[in-house]
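In what follows, a single structure is set out as structure tokens and then discussed.
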Amino acid sequence: MKISTRGRYALRVMIDMAEHYGGEYIPLKDVADRQGISQKYLESITSDLSKAGVLEGQHGKGGGYKLKREPESYTVGEILRITEGDLAPVTCLEKSAKACSFSGDCRTLSMWKDFYALINDFFDGITVSSLMKKRTDGNDYVI
């Protein structure tokens, strides 16, 4: 499993929105400028986040996007599943996968299931608000 630029940028958008959280709509241009990401690319990401009920968008003067919930209620896992899809490390564990004819004899299946649980537990244990805190061990954002 590899997290794409789309997933990483979605996290950056969510962190930026959380840092500027206050009930007002935030123009996407402002987020794009602060994050150094193309506004056009962000439009695609925020559209997906909006459709998933994570962001609320408004067009026109005074428009933009805002969080629909408190920043601490969003997890990294939620955001990554919206932008990346299933976080399964192997195809046979994906939600849309057909039953594998080897699953009864597969000696690695339980290992993959355990790893999948670790991935989900790890990302679901990190909130967007926890990523807002300044860190001293590297960059503030995953790039």
Query raised in the report: Is there a residue being assigned to a helix (DSSP H, G or I) and over 23 Å from residue 62 (Cβ atoms) anywhere in segment 31-42?
Result: yes
Report task. Report yes if residue 15 is among the aliphatic types (A, V, I, L, M) and over 17 Å from residue 129 (Cα atoms), otherwise no. Result -> no
**Report entry** Boolean, residue 101 is of a type in the set (S, T, N, Q) and more than 24 Å from residue 5 (Cβ to Cβ)
**Finding:** yes
Query raised in the report: Within segment 50-59, is there a residue that is within 12 Å of the chain's Cα centre (by Cα) and assigned to a loop (DSSP other than H, G, I, E, B)?
Result: yes
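Residue by residue, here is whether (1) hydroxyl-bearing (Ser, Thr, Tyr); (2) farther than 22 Å from residue 123 by Cα; (3) free of Cβ contacts under 8 Å to residues at least 12 places away in the same chain holds:
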position	(1), (2), (3)
11	no, no, no
15	no, no, no
28	no, yes, no
32	no, yes, yes
38	yes, yes, yes
45	no, no, no
60	no, yes, yes
77	no, no, no
86	no, no, yes
Query raised in the report: Which condition number in (1) under 28 Å from residue 21 (Cα atoms); (2) loosely packed, with under 11 Cβ neighbours inside 10 Å; (3) more than 16 Å from the chain's Cα centre (by Cα); (4) modelled with pLDDT of 85 or more is the one that residue 121 fails?
Result: (3)
Query - Residue list for segment 20-29, restricted to those being surrounded by fewer than 14 Cβ atoms within 10 Å (Cβ to Cβ) and part of a helix (DSSP H, G or I) - result: 29
Query raised in the report: Here are some residues: 60, 53. Which one is touching a Lys or Arg at 6+ places or on another chain (Cβ under 9 Å), surrounded by fewer than 13 Cβ atoms within 10 Å (Cβ to Cβ) and not basic (Lys, Arg)?
Result: 53
Query raised in the report: part of a helix (DSSP H, G or I), within 15 Å of the chain's Cα centre (by Cα) and within 27 Å of residue 130 (Cβ to Cβ): does that describe residue 6?
Result: yes
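The values are calculated or read from the model by the stated rules, or taken from the named source; none is laboratory data. The shown structure was predicted, so the numbers you read here are calculated from the model rather than taken from an experiment. Because the Cβ atoms are built from the backbone with ideal geometry, glycine has one as well, and the counts that use them run over all protein chains shown.
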